[in-house]
Structure formats: structure tokens, C-alpha cells
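Working notes for the structure below.
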Amino acid sequence: MESEPGENSGRGGKILLVDPSADYRGLVSLYLGILDYPVPIHAEDGEEALSKALSEQPDLILMEVRLSKLNGFEIVARLRGDPRTRGARILAATAMAMPGDRDKCLAGGFDAYLAKPFTLKQLKQVLSCRGAVESRPADYY
């Protein structure tokens with residue numbers, strides 16, 4: 001039986017996955033399933049992400065920074081200012097991979113950073129360390 005989005009299949013609580021690409025959302029959902037995380041709730045733009053974050057109150061948000069309608073920095077600022085979502089762990093899983101982008105994301109309120117494309121092993125490393133900040137290690141999975 002397949003789990004519904006937001007259902008816990010073994011690890012953690014609710015996860016919100018935000019990216020404009022359905023293919024990317026599918027890949028990361030597959031990775032999360034392999035790692036025994038719950039099926040994520042999906043959003044494809046900034047307004048949908050903010051709405052779902054406020055209504056679902058996820059424990060973890062994996063988010064592309066470059067989104068339409070509201071960008072990731074605007075969403076993080078709003079979520080950090082709301083007592084319902086202030087404690088969520090927010091990971092920038094982003095195509096922003098130029099020098100300085102990691103620091104910009106962390107300074108902008110993200111808890112961790114992962115540059116696309118990333119591997120299952122890299123995602124596992126970031127998720128397993130609450131305070132970890134991951135970029136792109138030399139050893140790909």
C-alpha cells in the first residue's frame with residue numbers, strides 16, 4: 001500500500017518538497033522513500049509553498065531558492081516570523097551553485113545547503129546531521 005503525502009513511513013515528521021520541476025520532485029521523493037522518510041507534500045511555486053507550509057506545518061522543508069511568485073528567501077523570512085513554522089528545518093536544495101551562494105543561503109535563514117545535482121548519499125548526509133551544511137563532496141554515490 002502506497003503512503004499518502006505527509007504520512008510517516010518510518011522517519012521524522014512531515015516533509016514539504018518545493019521545486020518547479022515535477023521530475024525533480026519525483027526524484028527527491030524517490031530518494032526520501034529509499035531513506036525511509038515519509039512521502040513529501042509537494043509545492044511547485046513560492047505561493048503554494050508558503051500556503052502549504054503554514055497549513056501543514058512540516059518539520060522539514062526541502063526547497064529550491066529560485067521559485068516563481070515568491071522566492072525561497074522571502075518564504076524563509078515569512079516562515080521564521082511565524083510561530084507555527086519558526087522551528088522547521090529548511091534546506092536549500094538549489095541550482096544556485098556559484099561561489100558565495102552557499103553563504104548567501106545560510107545567511108538568508110536556510111539551515112542547510114545542498115547544490116543540485118546531488119546524490120542520494122549527499123542527501124542522506126545532510127538529513128542525518130541536524131546542523132550539517134553540505135555542498136558537493138568529491139565522492140559521489
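What follows is calculated from the coordinates using simple rules that are stated; it is not laboratory data. All values reported here derive from a predicted model rather than from experimental measurement. Ideal geometry is used to build each Cβ from the backbone, glycine not excepted, and the neighbour counts take in all protein chains shown.
Tell me which residues, restricted to region 47-61, are among the hydroxyl-bearing types (Ser, Thr, Tyr) and either in a loop (DSSP other than H, G, I, E, B) or on the phi > 0 side of the Ramachandran plot (or both). Break it down stepwise before answering.
Filtering region 47-61 down to residues among the hydroxyl-bearing types (Ser, Thr, Tyr) leaves 51, 55.
Passing the criteria: none in range.
From the list 19, 45, which one is farther than 18 Å from residue 128 by Cβ, under 14 Å from the mean Cα position of the chain (by Cα) and surrounded by 22 or more Cβ atoms within 10 Å (Cβ to Cβ)?
Result of the check over 19, 45: 19.
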